[in-house]
Every structure is written in structure tokens, then in C-alpha cells.
Amino acid sequence: ENKRIEGIKLVQCEEHNWTDNAFEKMKKLRILILRNTNLSCRIIPLPEQLRLLDWKGYPSNSIPSNLKKIVAFSLRHSPLMLEKPFQNFKHLTYMNFSHCESITHFPNVSEAQSLRKLILNGCINLVRFDESVGFLPNLTYLRASKCTKLRKFLSRICLPSLEHLSLNWCRRLGLFPDIVGKMDKPLKICLKATAIQELPDSFVDLVGLLYLDLTSCEKLGYLPSSLFMLPNFVTLKVGGCPQLGGSFARFRESLSTTAESCPSLKTLHLSHASLCDEDLHVIMQSFPNLEVLNVSSNNFVSIPACVQESSYLTSLDLSYCLNLQEIPELPSSVRKVDVRHCSSLSANTTNMLWAQVRKEIHKLQVVMPTSNTEIPEWWDYHGSWQGYPQYLNFEVRGKFPVVALAFVFGEMNYQPVGLHLSIDSRDYSAYQPSHNFTVAENHVLLCDLRVLFSDEGWKRLDAHAEHGNKWKTVKVKCVPDIIPVQWGVYVYKEETSMKGIRFSGSQQFGLESVPRSPGSLTKKRLSSAEELAIIASFAESLQNVVEKLKRLMAPIEEDQCLSLMQQDGDEEDENEDEGEEGESDIEA
């Protein structure tokens, strides 16, 4: 059958009697995919017709020169040395040599003008690139992260098609190349944890730049003012760069007051940057279009009053600002505030954050220290847990109520917390986008319930609540199983009728739930009937668990087995560069 075979995929195959010319006989072979294989031979001739070669652990130290029609190489974790230039590869568009630890120099690719993607992650002995890499007209994607010996990338680049450049964790890389000519494609550049000290003035020619990540570039001391005025530049991440305060001050001095000169920056991350009050004031005034601002782990004492003029601001991260005391009233556009571990906050600031709810802000969420403060008196209801189960509950009828929830956490491990909602035991978490809250011990989470759902998911809640016009029990549970000390509910009365929600003191769930009134919580002993209701609820939950276990342990159907066998995902490759976008080799 050799003459008829056009494609082969082998996964987890060990073969000690493999003949050297096994593939060479397959004259029509165009696709060869080998994963987790262990072949005894080291030199393997391949047919000239081959288009795709995806061989993890390719055993040879060189690439066959006869593959003139090859379109894509993926030869990760191989002993390749790449000592010869890439000649006669005019059809080649994709190369992935990640974790090939014998590569020290990436060779000349001037004859591979069709190349679009080049990936060299984890080539720990790579020292330099041939300058021809900087002049590939069709290159859109170049990633060489975790090349720990790379000191020099390129002197100059003219890559008019480039859309993604990543050199993250190349800790010895100290220089960024000069830009030759305009590069106007939408561009993302990632240079996390490199030794870069400054960006060249020619950076202004990156007209299409959208995103720049220089996180943890501790030696970075200067950003050109022209960077902030690039027309498409919207995201800058420079957390962990403590010497940059002066760059923002210089930019502010050079900034014109005309509307045409207004920078377009929308997301700015400046954590661990040793910012003082004056630095923060300059940043707020310089970037009026900011939507997301992360200035966590800094030294300022107060947020400037000009924050109220930031009418586009939606997310403000001030966590771990240990000296922060005062936050003025925030603009109505703000949806998310994180003040975790801001232990010096004044009482006025804490009260202001609680009062954000009264402003009818849609989809608000706040995480802040409790400071032994109870949920405010003006919240409609509150309660406390008396043990299991670990959820709050209330009843609804008609349109699903628009409410804000507050959860006060006591002792707990530091971990993301999700909120799962059900109506009459029907789980609605499947309609919730993946949304976890980062909380901490002795902190309160305050959020609009709509944060948990897409618009379509909220419509489903409305439809279920209105069906039959009967009272239905809503349960909200923390996932994983964390029991808050207290909970509270505030009803947005302009959007919700109080006739459609009730808290009837449902002690059968171990939860005291009463209208809030001055003074201590009303204590009530459970009756025998209510204790029986707790037992019945527990038995029902246990039965559901048993049924799920039965389904999980049932034999897998044949078609499911076939589906699993046909999956092309390589889990190791998806996770090998944590923090970056995954790249599927089979896409080539």
C-alpha cells in the first residue's frame, strides 16, 4: 500500500525495527505527524513530495535538503543544530523549533521569502539570529521566548507584515532593533523580563502598534514620548519597572492641549513601579481615555481628585497599596475596584465604596478589606451562615430581580472564588461566562449579580423566573466550598419590584435571613420540622452526587473513544509557554 499513502499520524509509538527508508518508499506522502514516538534510526530519508512534517523529537540533527515542496516544519524537542542556511525552501510558511537545545545560531532564511510564522521558544542555547530574519516580507508571527542566552536579537528590522513579536523571559536581551521603514500592521510586542534599558527613537515608525508588554524589565529607564502618541497604541504593561516615573512626567510636559494630541492609550499596567502621589496625578491627567488602570503595589497615599474626570475608566486596581488612605468619589463609568490588602483605608473611603451601589452602577464589583465593619444598615437584607450548606438563598417571582450581593469572608486560603447560581435546583452556571473573583481573608466581595451572566444568560434567568408566576428558590454558592461570615443583598428598586423578591427566614437551609434593622442579628432556634428539612435537603444533594458518579463511571461509547483518538491537541505544547497565547502546530 506504500504507493497510495498520502498522510500518516502516529501517537505514542515505539518501534525498534523501523527501516531507514520506510518513509522514502511512500512516494505520495504529503503529511507526516509523529508524536511521542521512539524510533531507533537517526537518519531517516523522507519523500520529496512531503508538505507537512510535524515530528516532536525528530531524531536527526539536520533537515533533509530534498524537501523542496515543504510548507511547514514542526520539529520541537529535537537535536537539530541548523548549521546550514535554508535554501530551496521557497514554499515554506511555518517553522517551529521550540526546545531544540542544540541550536546556537538561527541561520540565513533569505531564500524562504514565504515564511509567515517562526517559533523558537525554549531554545536555551540560542545566542543570535541571522540578520536576514529581520527582512522577511511575509513574516507575521515571531516568538522566541525563554531563550535565556540570547543577547542580541537583530540590529534592524523591516517586517511590514509582522503582527506578533514575543521575546519574553530572554533575560540577557538588552537591545531592541532599530525600525527601518513604516510598519503599519496591527502589532503586539511582548518583551517581559528582558534586560532592555530603552526603546529606540525609531519605535515611532511602528505605526500599527496596539500592545506593548515590558513587565518586569527592571533596567528599563526610559520610554520615548512619541510612543504614547502612536495612533493605534492602546495597551501598555510596564509593571515592575521602577524607573519609569520620569518618562510620564516628560511626556506630560510635551503634551499639547489640543484634542488632536490626545493619546489613545486605554489600558495601563504600572504595578510595582514605586509611584508616588505626584506620579499618579500626572498619569491621570495625561491619559484621559484610560479604561483599565492597574497601579497595584505602589507607594501613593491618595488618589487624585482628577480621577473623576476619567469618564471612560471602568477598572481600577489598587491592591497591595499599603499606604493608600483616601479615594475620592469615582466616576460613574467604573465597574471594578480592587483594593485588596489596602490596610490603611480611611472610614470615609470605605463608606464611599459601599455607597457605589446606591449610584445604580450596572455590573459593579469591589473587593476590599472588611476592617471589622458590618454590612451597612441601608442594605435591604443581610444574614450569616450557621453551618452547612454553603449558600445563600432567596425567593423570586416574575422578572428576575436586579440585585447586588455582598460576601464577607473570614479565614480562608488565598484562591479565586466563583459564584454559582441555581433556581429550584436547576444549575445555571453553564450560562455564566468564566468569572472568578480574587478575594482574600477578612475581605468583602461586593458585586452586581449581572456580572456573572452574559445578556443571553440573564434573559434565561428572566424566562425561568417568570414561568408559572410561582415563587422559586434561588441559591448562590461560593465555589470552591468557602463559607462567608456574612452576606448581604441590595435591591435596585428602580429596576425591580420588591413584590417579586422575598427573604422569608429560610432557616431550613441553616441560614438566618431577615430584613435589616438597627441592632444585632435576630437569633432563632431551628424547630424540629426545620431540622428535618435540613436532613431532607442533604439527602437530595447526596442523591444527585451519586447519580453523577454513576454517569461518570459508565462505559464510554465507541464513538466517544473514536472522537478522543482523533483529537489533534497536544496538551504539553498548549501549556509550554504559560502566559502566552497557545499555538497549535497542526494549524500549519
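Points to keep in mind about this one:
- Qualifying residue in the range 260-271 (condition: of a type in the set (A, V, I, L, M, F, W, C), part of a strand (DSSP E or B) and over 18 Å from ASP448 (Cβ atoms)): yes
- Residue satisfying all of: in the range 98-114; in contact with a helix residue (DSSP H, G or I) (Cβ under 8 Å, 6 or more places away or on another chain) and open to solvent by 10 Å² or more (accessible area, probe 1.4 Å); nearest to SER60 (Cα to Cα) among these: ASN108
- Options SER297, SER264, SER302, SER274; residue that is of a type in the set (Gly, Ala, Ser) and either within 15 Å of PHE233 (Cβ to Cβ) or buried (at least 22 other Cβ atoms within 10 Å of the Cβ) (or both): SER264
- Top-ranked residue of the range 151-164 - restricted to ones that are out of contact with any helix residue (DSSP H, G or I) (no Cβ under 9 Å at 6 or more places or on another chain) and farther than 16 Å from ILE189 by Cβ, ranked as modelled with the lowest pLDDT: LYS152
- The range 476-515 - residue that is buried (at least 18 other Cβ atoms within 10 Å of the Cβ) and closer than 16 Å to SER429 by Cα and, of those, modelled with the highest pLDDT: VAL476
- Options THR104, THR140: the member that is in contact with a strand residue (DSSP E or B) (Cβ under 9 Å, 6 or more places away or on another chain), farther than 30 Å from LEU210 by Cα, modelled with pLDDT of 95 or more and not acidic (Asp, Glu): THR104
- Among residues that are crowded, with 20+ Cβ neighbours inside 10 Å and either in contact with a Phe, Trp or Tyr (Cβ under 8 Å, 6 or more places away or on another chain) or under 15 Å from VAL366 (Cα atoms) (or both), LEU313 is included.
- The condition (being in a strand (DSSP E or B), in contact with a strand residue (DSSP E or B) (Cβ under 6 Å, 6 or more places away or on another chain) and either over 24 Å from THR93 (Cβ atoms) or open to solvent by 10 Å² or more (accessible area, probe 1.4 Å) (or both)) is satisfied by just one residue among LEU236, LEU165: LEU236.
- The condition (being touching a Ser or Thr at 6+ places or on another chain (Cβ under 8 Å), over 22 Å from SER74 (Cβ atoms) and not in a loop (DSSP other than H, G, I, E, B)) is satisfied by just one residue among GLY174, GLY134: GLY134.
- Index of the failed condition, LEU353 passing every other in (1) open to solvent by 10 Å² or more (accessible area, probe 1.4 Å); (2) at pLDDT 85 or above: (1)
Rundown of residues vs (1) over 24 Å from ALA72 (Cα atoms); (2) among the hydroxyl-bearing types (Ser, Thr, Tyr); (3) buried (at least 17 other Cβ atoms within 10 Å of the Cβ), yes/no style:
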site	(1), (2), (3)
ARG116	no, no, yes
LYS182	yes, no, no
ASP201	yes, no, no
LEU212	yes, no, yes
MET229	yes, no, yes
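- Against the conditions (1) farther than 27 Å from TYR94 by Cβ; (2) out of contact with any Phe, Trp or Tyr (no Cβ under 7 Å at 6 or more places or on another chain); (3) open to solvent by 40 Å² or more (accessible area, probe 1.4 Å), ARG156 satisfies every one except (1).
- The residues of the range 412-462 that are among the small types (Gly, Ala, Ser) and not in a strand (DSSP E or B), listed by number, are SER425, SER429, ALA430, SER434, ALA440, SER454, GLY457.
- Any hit, the range 331-339, residues being more than 27 Å from the chain's Cα centre (by Cα), aliphatic (A, V, I, L, M) and open to solvent by less than 80 Å² (accessible area, probe 1.4 Å): no
The values are calculated or read from the model by the stated rules, or taken from the named source; none is laboratory data. If you're wondering where the values come from, they're calculated on a predicted model, not measured in any experiment. Here Cβ is always computed from backbone atoms with ideal geometry, including for glycine, and neighbour counts include all displayed protein chains. Heads up: the accessible areas ignore ligands, DNA and RNA and are worked out on the full protein's heavy atoms, side chains in. Shrake-Rupley method; radii C 1.70, N 1.55, O 1.52, S 1.80 Å.
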